[in-house]
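Remarks on the structure that follows.
What follows draws every value from the coordinates through simple rules; no lab data is involved. Not measured: the values here are computed from a predicted model. Glycine gets a Cβ as well: all are built from the backbone with ideal geometry, and neighbour counts include every protein chain shown.
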Amino acid sequence: MKLPLFLILCLYLLKELFEYAVLYLNLRHMKRAGSFVPKEFEGKIDDQLLKKMQDYEADKSYFSIIASLFGNVVAIIFFFGGLLNIYNSYIASLNLSFLVSGWLFFLLLSYGEQIISIPFSLYSTFKIENKYGFNTMTARLWIADFVKSLIISTTLYSFLLFAALFLIQWSPKTWWFWVWSFILLYSLFIMFISPYVIEPLFNKFTPVDDESLRQRIAALVEKVGIHAKRIFKMDASKRSKHTNAYFTGIGRTKRIVLYDTLLQGMNHDEIITVLAHETGHWKKKHILKMMLAVQLFSLIALYVSFQIIQSDFLLRLFNISAPSLFPKFLILGFLAGIISLPLQPIVNWISRKHEWQADRISYELTSDAESMISSLIKLSKENLANLYPHPLYVFLYYSHPPMLERVGYIREFRRV
């Protein structure tokens, strides 16, 4: 193995070992610090439930390590064991056009990834989620979801691939800009049609039938200028007992969606504070800011990719015998996964900052700190959240502040 390729392999292994070490550190911290119920949750959960929360976190973490180890072995064999070269040579031997070759190259890989993930998805759903009382999905529904997802992803991914490859062929020198522009418009289009075309294929959406709740929600969102008249209940309980609420769509397709599990587990005041938090994201334009940041980063990444693939350096480095553009993109994606680790804490820090701001807006809109706290406690209980994450794990991976910190932060509102 060439020295540069060996160094890349070492860097990849170091990254993975570091992430395993942090995960282990998080579990050890949870067991050491979580021997008692925190005062913020006293009277709300008992020692038995606290142990269940920790067992759930541990089972998920150990399973993620096993799944990750398997994925790492596959990645090492594929990129460093010569399998990528064999696969690329096979696609080249078919003597297909540029568009069809590229489409087949990436689509078959996506199918392979989905097939590999099947046993892990099944174990997570029907073993771990069943064990802790979350899963309500039947095998028949899982198969139906998988088939529908496969058809939808194949359709959307194929259209995206053909369009991007066409632009690369049409404008070899400036394709990075045209591909970026197309992906931007395509993403907006998917956001527009998703509430009416894609989401109803998986869930049933019905208007919230509680008129008093509907009126309170409408009055809440009107305070910040959100004209989302469509307020729906989603039958999430047919798959899981986890709870959530969200805004979806853009423009005239904008709607508010409440999980039926949320409506069953919370009172009106708590539901309003949860939605007020989501409304806070809209008021502070967090979604728009993150979209702009992602698009800017995507534009830079595409331009850098364009510059790198001008030469065959990556093909020589990974011992690819048949000259092709497609493995270059694949290798770049693999390398990006390694070097992006330092960027992840920055993105998550921004996300946590947005969550703090949304909590503040929620209080300003409702003046109901008690319902905010009780809703967070219920979310923690119903989702078996880890109440004692390690600070380093939070820094690296948490997009939301830990629950205990959020509860403490909200309590301060009443003292101001």
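Here are a few things to note about the model shown:
- The modelled label-to-label distance between ARG214 and ILE151, using points 7 Å beyond Cα along the C-beta direction, is 3.2 nm.
- Take every pair of alpha-carbon atoms less than 8 Å apart whose residues are at least six positions apart; their mean separation over the length of the chain yields a relative contact order of 23 percent.
- Length gained on full extension, PHE177 to VAL100, computed as 0.36 nm times the residue gap minus the Cα-Cα distance: 25.5 nm.
- Region 185-268: mean projected area of Cα convex hull, nm²: 5.9 nm²
- Ranking SER35, LEU185, ASN130 by how far each Cα lies toward the positive end of the dipole of the chain (charges on Cβ) leaves LEU185 at the top.
- Residues ARG32 and ILE193, FRET efficiency given R0 of 45 Å [Cβ-Cβ distance, rounded to 0.05]: 0.40
- For the residue pairs LYS51/LYS378; LYS39/LYS289; LYS148/LYS353, alpha carbon separations beyond 26 Å are given by LYS39/LYS289; LYS148/LYS353.
- Cβ-Cβ FRET estimate between GLU370 and THR206, R0 fixed at 25 Å, reported to 0.05: 0.25
- Of [x] 21.7; [y] 19.4; [z] 20.7, the label for mean projected area of the Cα convex hull in nm² derived from the coordinates: [x]
- Here is the list for region 1-110: chymotrypsin sites (Phe, Trp or Tyr not before Pro) lying in DSSP coil, each with at most 11 other C-beta atoms within 10 angstrom of its C-beta, are PHE36.
- Two-decimal ratio, region 92-193, of alpha-carbon radius of gyration to 2.2 N^0.38 Å: 1.42
- Where Rh is the Kirkwood radius over Cα pairs, Rg/Rh for region 298-380: 1.33
- When the trypsin sites (Lys or Arg not before Pro) in region 1-93 are filtered for DSSP coil states and for at most 12 other beta-carbon atoms within 10 Å of their beta-carbon, the remaining sites are LYS2.
- Linear extension gain, TYR397 paired with ASP55, 0.36 nm per residue minus alpha-carbon span: 121.2 nm
- Potential lengthening between TYR409 and ILE300 on full extension [0.36 nm per residue; Cα-Cα distance subtracted]: 35.6 nm
- Relative exposure of ASP368, ASP59, ASP46, judged by other C-beta atoms within 10 Å (fewest first): ASP46, ASP59, ASP368
- The order of VAL394, VAL100, going from fewest to most other C-beta atoms within 10 Å of their C-beta, is VAL100, VAL394.
- Value of Rg to Rh for region 1-110, rounded to two decimals, is 1.24; Kirkwood radius and Rg both from alpha-carbon coordinates.
- Legend: residue pairs LYS52/LYS238; LYS31/LYS204; LYS173/LYS284; LYS60/LYS283, Cα-Cα distance threshold 31 Å; pairs beyond threshold, LYS31/LYS204; LYS173/LYS284; LYS60/LYS283.
- Between LYS353 and MET1, the distance separating the two model label sites (each 7 Å from Cα on the Cα→Cβ line) works out to 3.9 nm.
- In loop segments of region 230-301 as defined by DSSP, the trypsin sites (Lys or Arg not before Pro) with at most 13 further C-beta atoms inside 10 Å of their C-beta are LYS285.
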